[in-house]
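All remarks here apply to the structure that follows.
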Amino acid sequence: MPSLLEFTQTELAQWLEDELGEKRFRSQQIFQWLWQKLARDFAQMSNVSQQTRQLLAEKASIPWPKLVTVQKSQDATTKFLLEFSDGARVETVLIPSEDHTGRIRWTQCLSSQIGCPMACTFCATGQSGFTRNMTAGEILSQVLIGRDYLGDTRPDHPIVRNLVFMGMGEPLMNTQALLKALAILNDPHGLAFSPRRITVSTCGIKDGLEKLGQAGLSFLAVSLHAPNQAIREKIMPRAAKLPLKELLTALRNYPLKNREHITFEYLLLRDVNDSPAQAHELAKIVHSVHGKLNLIVYNATNGPYQAPSPERVLAFEKALWSHHLTAIVRQSKGQDIDAACGQLKARFDNG
Ligand code: SAH
């Protein structure tokens, strides 16, 4: 039985015509029920005829994941542990921030795979292995759970403002499902997020970068984490199979919209990549693709690393300033519940 969460609006229209003998335009109403009114039951779809609802119930499903746990951090960051029908578990995180008027806005951090095949040495997800890809519907069901939790059902006044693919998994190792999810996210009758409100973060997969660029449905962030190929190989050996030089060439060719920039993420690891000399090297890379830079201070995992001291971080920033490069130091939230960058692993033991 097909899951309606796996269909783009066009696919849904086709399916309605082929399987139910319905008019194609019905797909718009049904789409809105699924993604905007958070319907989990066909009986809720009050502007759809009784007969069609019954047929839908016989021939299709709306499989929301099971919400296993919700953990709330002292800083209000909220982590959800979800379980799909095959028992696979994944985490998604809602991160609060205040806008300029002092109102709370939420960013949702989404996972794209169950586990991750990249095995970066500093990342808890990478260290706990790879189970399988998520489907487009599974990826999007995280947004449904987040919206449901916050009561976010008015697309004209969204409560979840931004989505970042920075949870578990490497989105560009699951490009097909990612692109379909982005299409449904971008659909005004679907989840109605414009490309400017979505960021896909990747360690840099050549083929995936090309497809993502062509689609133009999101912003791009790249987990760089090293100022040269040698260090990158050491700390993220699988990602570094695409040599830094080739990665940078791919990024220079990446199609950007007006005033759009690629964001580099650089994880500071004490005595590994946090020296002022390395900051100078990094600055050249960032400038060479006209990128922006976010610094992330290492969050503790079981890995062999430590975070640099605040003084050391400042010295790194100062070295960047000498190249007229201002980096945003990303505030880590939700550390007390293991919800910060690199800490997601959907633990079975305490779940
Ligand atoms: N695989 C994608 C999506 C994950 S994004 C990517 O690599 O971009 C999660 C971000 O958190 C990445 O930039 C990742 O490198 C970073 N990260 C991983 N482990 C971390 C840790 N222990 N502390 C802080 N950031 C970490």
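The values are calculated or read from the model by the stated rules, or taken from the named source; none is laboratory data. The structure presented is a predicted model; accordingly, all values stated were derived computationally and were not measured. Methodologically, a virtual Cβ is constructed for each residue, glycine included, from the backbone with ideal geometry; neighbour enumeration extends over all protein chains shown. These accessible areas exclude ligands, DNA and RNA; they are computed on the full protein's heavy atoms, side chains included. Shrake-Rupley method; radii C 1.70, N 1.55, O 1.52, S 1.80 Å.
Remarks
- Average accessible surface for segment 53-106: 50 Å² per residue, computed with a 1.4 Å probe over protein heavy atoms with every protein chain in place.
- Positive-end residue of Ala250, Ser288, Thr69, charge dipole of the chain with Cβ unit charges: Ser288
- Residue pairs, from the table Lys59/Lys206; Lys245/Lys333; Lys37/Lys79; Lys72/Lys206; Lys23/Lys79, whose Cα atoms sit over 31 Å apart: Lys59/Lys206; Lys245/Lys333; Lys72/Lys206; Lys23/Lys79
- Contact order for the chain, expressed relative to its length and based on alpha carbon pairs under 8 Å spaced 6+ residues apart, stands at 16 percent.
- Among Thr92, Thr52, Thr107, the largest mean-square fluctuation in a Gaussian network model of the chain (Cα springs under 10 Å) belongs to Thr52.
- Cα gyration tensor category, rounded, prolate or oblate, for segment 254-350 with a/c compared to 1.5: oblate
- A Cβ-based charge dipole, computed about the Cα centre of the chain with Lys and Arg at +1 and Asp and Glu at -1, lands at about 540 debye.
- For the residues Asn294, Asn174, Asn253, a GNM of the chain with alpha-carbon springs under 10 Å puts the largest fluctuation on Asn253.
- Largest GNM mean-square fluctuation among Met236, Met166, Met45, using the chain with Cα springs under 10 Å: Met45.
- With every protein chain in place, segment 309-350: carbon and sulfur % of accessible area (1.4 Å): 55 percent
- Each Cα pair under 8 Å and six or more residues apart adds its sequence gap; the mean of these over the residue count of segment 270-313 is a relative contact order of 50 percent.
- Accessible surface ranking that places the most exposed of Ser85, Ser97 first, with a 1.4 angstrom probe: Ser85, Ser97
- Where segment 233-351 is the region considered: accessible area per residue in Å², 1.4 Å probe: 54 Å²
- Segment 51-106, relative contact order in percent, only Cα pairs under 8 angstrom and at least six apart counted: 22 percent
- Inter-site label distance for Lys284 and Arg40 at 7 Å from Cα along Cβ, in nm: 5.5 nm
- Principal-axis tilt of helix 310-321 within the chain, Cα atoms, nearest 10 degrees: 90 degrees
- Residue separation of Gln335 and Glu233 scaled by 0.36 nm, minus their Cα-Cα distance, works out to 34.0 nm of gained length.
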